[in-house]
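The values are calculated or read from the model by the stated rules, or taken from the named source; none is laboratory data. Predicted model only: the values in this text are computed from it and were never measured. Backbone-built Cβ (ideal geometry, glycine too); neighbour counts: all protein chains shown.
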Amino acid sequence: MSSQLSAPRAEVVVDLDAIRHNVALLSGRAAASGAATMAVVKADAYGHGALPVARAALGAGASWLGACSLKEALALRSAGITAPILSWLETPVVDFTPGISAGIDLSASSSAELARIDAAAERAGQRARVHLKIDTGLSRNGCPQQLWPALCADAASARHVEVVAIWSHLACADEPGHPSIDEQGKRFEAAYQVAREAGLRPKRHLANSAATLTRPDFHYDMVRTGIAIYGLNPVDTDDDLRPAMTFRSSVALVKRIPAGESVSYGHTWTAATDTNLALVPVGYADGVPRTLSGRMEVWLGGRRRPVVGRVCMDQIVVNCGDYEPRLGEEVVLFTHGRSGEPTAREWADTLGTIDYEIVTGMYRPRVVRRYVGTETGAAV
Ligand SMILES: *Cc1c(COP(=O)(O)O)cnc(C)c1O
């Protein structure tokens, strides 16, 4: 009989050796430009688990961590991580004090935000480490160019703030050659001059994964790599990135149906011949999008096989033809794709989205996460 462990229901397996390999590759590129590497572990490390990924990344060449919120950053500190952490987006009511006390680097996009950080630092009795964010063309977070000189002047005179860096984020780095990339680079240079004229001596960081791989001239003092450390390549270069996440389940029931029988809600698929069906206990509650109904395959018994009929909340049905799967046999929904298995990228392409959304969406209460590989040791 298959044990519980060998017959998972809905399981995400994260390969920490793959994460370490990817971080070693990326931080090697950054180091060649004299830049440090930040491992971006926001959104629970894009669904891979913030703490194990953070530890693995720090052991493999990253020296900074990136978080989207103080809550994420403080969780890393509470778990004993001492590396510098930058946290970059808060609501206008958040109390910065605990973050400052915990030595979290903060981002300021406006003079008002800077003033709130300065006041919190005074309360904390400690200087706040701040990265000033310039909007160079993404028009999302960051200080608009016309307000930048005032923000720099305010930062230079703030009594409880230490300006660590200026930084910005690229809009189209995943489309190498897009004219906005060079334009954002120029605006970033201009913003740096303004900061220096205000008396600041900041470091600089601009590159995400795509720019880390394609624009060494944008590495500056640090790169902020997210998706690539998880082994997903936003620019399709032939760099040896290894996808770290596998989504798997197992066969719960096998049955044979005669030609003419239909499968699952709405009877959207009808068997043309007698065939074996495998029931797999994983559905849209576990991260299999219902819109993949009729448009996905799984890896079962050493090859791809189609999922037939609708994806349900808790189950999918795989058409196995004359193959008779074993009860408990492994079913891989997506993985690295090295033998032709489905990948997160393939799901994304089918759905008209990006693989970022697929892996990040795998953080779900019913999905068990398991780690293979090690957090420490020589990068593989
Ligand atoms: C998410 C994020 C990154 C990482 O982007 P990737 O494309 O995943 O490498 C870098 N910087 C900022 C500000 C981000 O929000």
The stretch 212-238 - residue that is more than 13 Å from the ligand (Cβ to nearest atom) and among the charged types (D, E, K, R) and, of those, nearest to the chain's Cα centre (by Cα) = ASP236
Got at least one residue in the stretch 31-49 being touching a Ser or Thr at 6+ places or on another chain (Cβ under 6 Å), over 21 Å from MET222 (Cβ atoms) and surrounded by fewer than 20 Cβ atoms within 10 Å (Cβ to Cβ)?
-> no
Has the stretch 356-365 got any residue that is over 15 Å from TYR230 (Cα atoms) and either in contact (Cβ under 8 Å) with a residue 60 or more places away in the chain or outside the structural domain of GLY61 (by TED's automatic domain parsing) (or both)?
-> yes
When you go through (1) within 30 Å of ARG305 (Cβ to Cβ); (2) surrounded by fewer than 21 Cβ atoms within 10 Å (Cβ to Cβ); (3) under 20 Å from the mean Cα position of the chain (by Cα) one by one for ALA252, which number turns out not to apply?
-> (3)
Being at pLDDT 95 or above, among the aliphatic types (A, V, I, L, M) and surrounded by fewer than 16 Cβ atoms within 10 Å (Cβ to Cβ) narrows it down to one of ALA198, ALA190, ALA210, so name that one.
-> ALA190
Here are some residues: SER78, SER101, SER63. Which one is among the polar types (S, T, N, Q), assigned by TED's automatic domain parsing to the domain that holds SER209 and either modelled with pLDDT under 95 or within 16 Å of the ligand (Cβ to nearest atom) (or both)?
-> SER63
Among the candidates ALA244, ALA285, single out the residue that is small (Gly, Ala, Ser) and farther than 30 Å from ALA24 by Cβ.
-> ALA285
Can you name the residue in the stretch 19-35 that is more than 14 Å from the ligand (Cβ to nearest atom) and of a type in the set (A, V, I, L, M) and is also farthest from LEU86 (Cα to Cα) among such residues?
-> ALA32
Test GLY47 against the stated conditions and say whether it is among the small types (Gly, Ala, Ser) and more than 16 Å from the ligand (Cβ to nearest atom).
-> no
Name the residues in the stretch 285-333 that are closer than 17 Å to GLY266 by Cβ, of a type in the set (A, V, I, L, M, F, W, C) and not in a strand (DSSP E or B), would you?
-> VAL288, LEU292, MET296, VAL311, CYS312, MET313
Kindly check whether there is at least one residue in the stretch 230-245 that is of a type in the set (Asp, Glu), at pLDDT 95 or above, more than 15 Å from ASP174 (Cα to Cα) and in a helix (DSSP H, G or I).
-> no
Which condition does TYR284 not pass, out of (1) surrounded by fewer than 17 Cβ atoms within 10 Å (Cβ to Cβ); (2) more than 16 Å from the ligand (Cβ to nearest atom); (3) more than 20 Å from HIS131 (Cβ to Cβ), if it passes all the others?
-> (1)
Restricting attention to the stretch 142-177, report how many residues are in contact (Cβ under 8 Å) with a residue 40 or more places away in the chain and touching a helix residue (DSSP H, G or I) at 6+ places or on another chain (Cβ under 8 Å).
-> 15
